[in-house]
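The values are calculated or read from the model by the stated rules, or taken from the named source; none is laboratory data. Computed from a prediction, not measured in an experiment: that's the story for all the values here. Neighbour counts run over all protein chains shown; Cβ positions are idealised from the backbone, glycine included. Keep in mind that these areas ignore ligands, DNA and RNA; they rest on the heavy atoms of the full protein, side chains included. Shrake-Rupley method; radii C 1.70, N 1.55, O 1.52, S 1.80 Å.
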Amino acid sequence: MLKRYLAASAVAAATLLAASVPADAATAQPLKLRNGLTLYIPIQWRVYGTGTDAVQVVTGKCAKPQGWGSSKCDAFYVFGPSYIKRGAEGFGPYTGKNPFYTASDVQPCPFNPKWGEIIGPEVTRGLRQVGEGHKAAYNAWRSTCRSYSGNKVHARFTQREWYLPKSRILVVDQWNTPGLADTLKNADWN
């Protein structure tokens, strides 16, 4: 694990130097999650809910981090069994056949709470690496933000989901977080 961390740090440092970023630029920090999963995330990302079934990783602007459904909060989420259990519109477990959605009503758009989000139905499916020896069921749902009073589309986004059913871990990203796919690919398992 130490070798991988040092290698990741070296790659990050080389990338930073190549991009002419100041020498004091931040490096990676380990984020230890459930069942031995460790992600190496940029030090400027802020983590809320560590040690719980709902970890919010704020990767950009966020006025008020308050977990899943925080509007205008550039973040991704790592969920465990209690969220997976109600991830099918609050009525049943998330399986990946339908998007992760914890309520049966229209939820606020992640970018603006004045609009409602519509997740799917168009989806891209596949498998994605999450650390050595672990493949996640990957779903990318094409989604829109629409007026509550009409059907006007104000914004489009993709809800990306990485699901590890044996480990009972679900990663959900509505902000197309740069570097997240590589962060998951280069994760460690202890």
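Data table
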{"item": "Set PHE100, PHE157: member being in contact (Cβ under 8 Å) with a residue 40 or more places away in the chain and under 30 Å from THR27 (Cβ atoms)", "result": "PHE157"}
{"item": "Test for ILE84: is it surrounded by 18 or more Cβ atoms within 10 Å (Cβ to Cβ), hydrophobic (A, V, I, L, M, F, W, C) and not in a strand (DSSP E or B)", "result": "yes"}
{"item": "Hits in the stretch 48-73 (condition: over 15 Å from GLU161 (Cα atoms) and open to solvent by less than 40 Å² (accessible area, probe 1.4 Å))", "result": "GLY49, ASP53, VAL58, THR59, GLY60, CYS62, GLY67, SER70, SER71, CYS73"}
{"item": "Count - residues of the stretch 107-144 that are of a type in the set (A, V, I, L, M, F, W, C), in a loop (DSSP other than H, G, I, E, B) and under 23 Å from CYS73 (Cβ atoms)", "result": "2"}
{"item": "Residue in the stretch 143-190 that is farthest from the chain's Cα centre (by Cα), counting only those that are over 16 Å from GLN56 (Cβ atoms) and among the basic types (Lys, Arg)", "result": "LYS152"}
{"item": "Which numbered condition LEU184 fails, given (1) outside any strand (DSSP E or B); (2) open to solvent by 70 Å² or more (accessible area, probe 1.4 Å)", "result": "(2)"}
{"item": "Residue in the stretch 98-106 that is in a loop (DSSP other than H, G, I, E, B) and either among the basic types (Lys, Arg) or on the phi > 0 side of the Ramachandran plot (or both) present", "result": "no"}
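A quick yes/no check of all residues on (1) open to solvent by less than 40 Å² (accessible area, probe 1.4 Å); (2) modelled with pLDDT of 95 or more:
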{"position": "THR102", "(1), (2)": "yes, no"}
{"position": "ASP105", "(1), (2)": "no, no"}
{"position": "PRO110", "(1), (2)": "yes, no"}
{"position": "ARG125", "(1), (2)": "no, yes"}
{"position": "TYR148", "(1), (2)": "no, no"}
{"position": "ASN151", "(1), (2)": "no, no"}
{"position": "HIS154", "(1), (2)": "no, yes"}
{"position": "ARG160", "(1), (2)": "yes, yes"}
